[in-house]
Each structure stands twice: as C-alpha cells, then as structure tokens.
1. Could you give every pair whose Cβ atoms fall below 9 Å, whose first residue belongs to region 1-30 and is in a helix (DSSP H, G or I) and at pLDDT below 95, and whose second residue is open to solvent by 50 Å² or more (accessible area, probe 1.4 Å) and basic (Lys, Arg), counting only separations of at least 6 or pairs across chains?
2. Please work out which one of (1) among the charged types (D, E, K, R); (2) in a helix (DSSP H, G or I); (3) over 28 Å from LEU127 (Cα atoms) is the condition GLU65 fails and give its number.
3. Could you say which residue among VAL88, VAL78, VAL108 is buried (at least 16 other Cβ atoms within 10 Å of the Cβ), closer than 20 Å to TRP164 by Cβ, out of contact with any Lys or Arg (no Cβ under 7 Å at 6 or more places or on another chain) and modelled with pLDDT under 80?
4. Restricting to region 46-55, name every residue that is among the acidic types (Asp, Glu) and surrounded by 12 or more Cβ atoms within 10 Å (Cβ to Cβ).
5. Residue under question is GLU205, and the condition is that it be surrounded by fewer than 13 Cβ atoms within 10 Å (Cβ to Cβ) and closer than 26 Å to ILE152 by Cβ; does it hold?
6. Hey, can you tell me all the residues within region 123-145 that are touching a helix residue (DSSP H, G or I) at 6+ places or on another chain (Cβ under 6 Å) and more than 20 Å from GLU171 (Cβ to Cβ)?
7. Just one of SER199, SER243, SER193 is of a type in the set (S, T, N, Q) and loosely packed, with under 11 Cβ neighbours inside 10 Å; which is it?
8. If LYS194 passes every condition in (1) in contact with a helix residue (DSSP H, G or I) (Cβ under 7 Å, 6 or more places away or on another chain); (2) within 28 Å of LYS123 (Cβ to Cβ) but one, which one does it miss?
Amino acid sequence: MASHIIPSRIQFIIQFINDHKLPSKPEMIEFLKNKDFNISTRTLERDIERIRSDYGLEIVYNKAENGYYIDNDKSVKVESFFKFLEIVSIADIFSESLLNSNKILEYVSFDDSKGFKGIQYLKEILLAISQHKKLYFTHENFTANTIKEYVITPFLLKEYENRWYVIGVPEGYNEIRTFGVDRLTKLCIGKTSKLNKKSYYRQIEKFDNIIGLDFNDKEPTYIRLQVNGLHIKYMKSLPLHHSQIIHSENENGQCFVDFLLAPNYELRTTIKNILSDSLKKYL
C-alpha cells in the first residue's frame, strides 16, 4: 500500500491549477522545478491524466488561452476535495514532525483534542473506499461502553462538527452504520469486498440531504429561515449545508436563507444553538 493517497507532486499540480488563472504547461513545470520536481512535459501530461482518472477532477485545456483549469461541473465537489487535501497535508506535517522529535505541537492549541484523534487513519480509509476494500478496526462505543472488532465495507467519509466518520456496511449486517474515526484503533485495510455498493446507494444518498449523521426516511423539504446580519456573516463563512441559499437583505438588515433538507435532530439542534429563539417558528 502506498504511503500517500495523493503524492506531493500531484497535490502541487492540482493546487497550482486551482490557484492560478489558466496556467500553461511551462508555468507548471517551472513551479514544480522550484518544488524540487524536475519533470518533462510528457510526465506532466501523464500526471494530469492521472488526476482526471484517479481523483475525479476534470482538468481541461483551454486552447485559446493556452492554459488549464478545473471544470467544476464535471468534477467531484472541488471545495470538499481541497478541504480534505488540506487536512491530510496537516496530518502529514504532524506525523513527520512527531517522528523527527520536532516541537511543532508547542505552537498548536487544540480546542478539542478528540477532533484531531484518528486523523492519521483518513488516508487509509479513503484508499479503502476508492479501491472497494474492506476495513478492519476496533471501535469503542461510548454509549454502550463497549469495545468491539469490526470488518466493514466503507462507502463514505463524512465530517461533522470537526469530527470524521466512516460510513459503511459491517459484515453480517444489511444496512449502513456510522463509526467515529476518533474512536477507532488498530485500523488496517483488507481484501477487496464482494459487497455491491449499488444496493446501498439509496441509504448513502440520504446523507446529502441532511445536516449531521441522523439520516431517516423523510423526504427533503424546503426550509426558510429569516436571519439577522450577524448570523448571516457566520453562515456565509461556514454554510450549514450545501443547499444553502442566502437572499438579499431587507430594510431591517435581515435575510431569508433557504435550504433543501430532510429535517432531523441535528438540524433542529444546530439552528437552536446558533440562532435566536425567535427563529424557531420557521422550523
């Protein structure tokens, strides 16, 4: 198994194309040279093709501008991709620093240490998902106060409230389960799973229509909140859901915010925690 899901050179190419307007091949090769990667034009072309096939990012050549860009409409969720890329890069930095006995942890203050616990498993989990392989791990259930070994077929890696969860089907079960990554130990990748992922698409897709982890059989419905200016700033910087649409302010400095969501416990709790009591009537 490779030590990195996304090699450093590939990361640099993706980030450079994303950060610059239509960079050309010579510009990318020069950038990589400054990062100690001396590659040919043909190697760069192979890397770009690998990005398309392995990572779901459609890199497109604009002949008129002689440059490349990421086609957001034909790619995976680009924002999610770069967020994950940033997280695994941070994990690499910490892992390398700890192995080299550096003092990098002296310069970091964690608000919640559990949010960082288990982050070293993210790459292996993503690799198992992409290659449709089984995952073996030990999971601690805080509610039941039990520790149990599992073998699952993982389908999805989800973040919620600064914690990561792997979602998949355990052996012997017919429905998906959710496991907090911060509660996993002894994780390793097994053989290719024979489970048919298509049989679980309906369950997996439910996670796109909710906030949090509590998916149910409710259909998504339009939800409208009337939000004041202060909360709007927070919701612009950290959207509650990808369906969020913020409308123009009215004369009182308030905005309507629309969502397409299946109501659940986390939605009610989230709104209760960040909005004033006067907005509860919109649920």
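1. SER8/LYS35; ARG9/LYS35; ILE10/ARG50; PHE12/LYS35
2. (2) is the only condition that GLU65 fails.
3. On the way: VAL88 fails: out of contact with any Lys or Arg (no Cβ under 7 Å at 6 or more places or on another chain); VAL108 fails: buried (at least 16 other Cβ atoms within 10 Å of the Cβ).
Answer to the check: VAL78.
4. Taking region 46-55 and keeping what is among the acidic types (Asp, Glu), we get 47, 49, 54.
ASP47, ASP54 - these are the residues of region 46-55 that are among the acidic types (Asp, Glu) and surrounded by 12 or more Cβ atoms within 10 Å (Cβ to Cβ).
5. yes
6. Passing the criteria: only LYS123.
7. Numbers: SER243 fails: loosely packed, with under 11 Cβ neighbours inside 10 Å; SER193 fails: loosely packed, with under 11 Cβ neighbours inside 10 Å.
After applying the criteria, what remains is SER199.
8. Unmet condition: (1).
The values are calculated or read from the model by the stated rules, or taken from the named source; none is laboratory data. Values in this document were obtained by computation on a predicted structure and should not be read as measured data. Here the Cβ is made from the backbone with ideal geometry for all residues, glycine too, and neighbour counts use every protein chain on show. Keep in mind that these areas ignore ligands, DNA and RNA; they rest on the heavy atoms of the full protein, side chains included. Shrake-Rupley method; radii C 1.70, N 1.55, O 1.52, S 1.80 Å.
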